[in-house]
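The values are calculated or read from the model by the stated rules, or taken from the named source; none is laboratory data. Note that the coordinates shown come from a computational prediction; the quantities given were computed from them, not determined experimentally. In this analysis, Cβ positions are derived from the backbone assuming ideal geometry, glycine residues included, and neighbour counts consider all displayed protein chains.
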Amino acid sequence: MSIADNLLRVRQRIAAAAERAGRDPQDIVLVAVTKTVDAAAIQDAIAAGVTDIGENYVQDSVAKYDIIGGQVRWHMIGHLQRNKTGHAVRVFDLIQSIDNLPLAQEIGKRASSIGKTQDVLVEVNISREETKTGIGRDEALGLAGEVSALPGVKVLGMMGIAPFTEDEAAIRRSFSQLRKLWEELPIDNRKWLSMGMTSDFEAAIEEGSNMVRIGTAIFGPRR
Ligand SMILES: *Cc1c(COP(=O)(O)O)cnc(C)c1O
């Protein structure tokens, strides 16, 4: 299957899930996740209509950005180190992985210095697994409030990664918990609810996601 075929299938599944939930498929943004994917394959995806790409590593994204540039929106979805924020604010339209205040402060400082307001999401740990990043659910709204008050950054919503399990009920529960938290954000900070990956994006859409991050179903298994 080509990338274009895969994309078509994914879009059909997004549309079907949206319709099951009584929602407009157009309201759901597809972020094509391109970690380990080379620039040529990304160009194929763009030719097939991809408008948003998600990267996990700043270093890789800088190299790809040199080739691909601003023809798509760039999303940072991986753990961001504070010493990489200078590069990150140059490349990314939306940084989805804010899980602590010092990181947000550094991003705000770097963005301000280049005359930018950096759009960000607060990443919430909805899986309660030690290995996963994200701020705890109890602290997420507090962090969102503190980040909103900083110069140089704007909070536009929340991101979460479901637990790694076959238990579909547990996955749905984690999505529904994130949606409830997200609904408590002030309206100005509540544009995006980023949840759902290859294995669980249909459930995420049914639970209210309006931004899905999909790699494997588009580009095939990662090396
Ligand atoms: C890799 C990754 C994805 C995409 O995962 P797939 O299972 O390949 O769709 C989505 N979100 C984050 C944060 C990721 O790291």
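Conditions first: (1) within 12 Å of the ligand (Cβ to nearest atom); (2) touching a Leu at 6+ places or on another chain (Cβ under 9 Å); (3) under 24 Å from Gly142 (Cβ atoms). Ile98 passes all but one, so which condition is the exception?
Going through the list (1) within 12 Å of the ligand (Cβ to nearest atom); (2) touching a Leu at 6+ places or on another chain (Cβ under 9 Å); (3) under 24 Å from Gly142 (Cβ atoms), Ile98 breaks only (1).
Does Val122 qualify as being at pLDDT 95 or above, part of a strand (DSSP E or B) and not small (Gly, Ala, Ser)?
yes
Kindly list the number of the only condition in (1) within 15 Å of the ligand (Cβ to nearest atom); (2) more than 17 Å from the chain's Cα centre (by Cα); (3) not aromatic (Phe, Trp, Tyr) that fails for Val50.
Exception for Val50: condition (2).
Have a look at Gly215, Gly145, Gly157 and point out the one that is within 14 Å of the ligand (Cβ to nearest atom) and either among the charged types (D, E, K, R) or at pLDDT 95 or above (or both).
Gly215
Among the residues of the stretch 8-59 satisfying the criterion of being in contact with a Pro (Cβ under 7 Å, 6 or more places away or on another chain) and under 15 Å from Ile214 (Cα atoms), which is surrounded by the most Cβ atoms within 10 Å (Cβ to Cβ)?
This residue is Ile14.
Name every residue in the stretch 123-159 that is β-branched (Val, Ile, Thr) and in contact (Cβ under 8 Å) with a residue 12 or more places away in the chain, in order of residue number.
Val124, Ile126, Thr133, Ile135, Val147, Val153, Val155
Mind checking which residues of the stretch 59-86 are assigned to a helix (DSSP H, G or I) and in contact with a Leu (Cβ under 7 Å, 6 or more places away or on another chain)?
Across the stretch 59-86, the qualifying residue is only Arg82.
Does Ile67 count as within 14 Å of the ligand (Cβ to nearest atom) and within 29 Å of Ala41 (Cα to Cα)?
no
For the stretch 184-212: of the residues being of a type in the set (A, V, I, L, M) and within 15 Å of the ligand (Cβ to nearest atom), which is farthest from Val31 (Cα to Cα)?
My answer is Ala203.
Can you name every residue in the stretch 157-191 that is buried (at least 21 other Cβ atoms within 10 Å of the Cβ) and not in a helix (DSSP H, G or I)?
The answer is Gly157, Met158, Met159, Gly160, Ile161, Ala162, Leu185.
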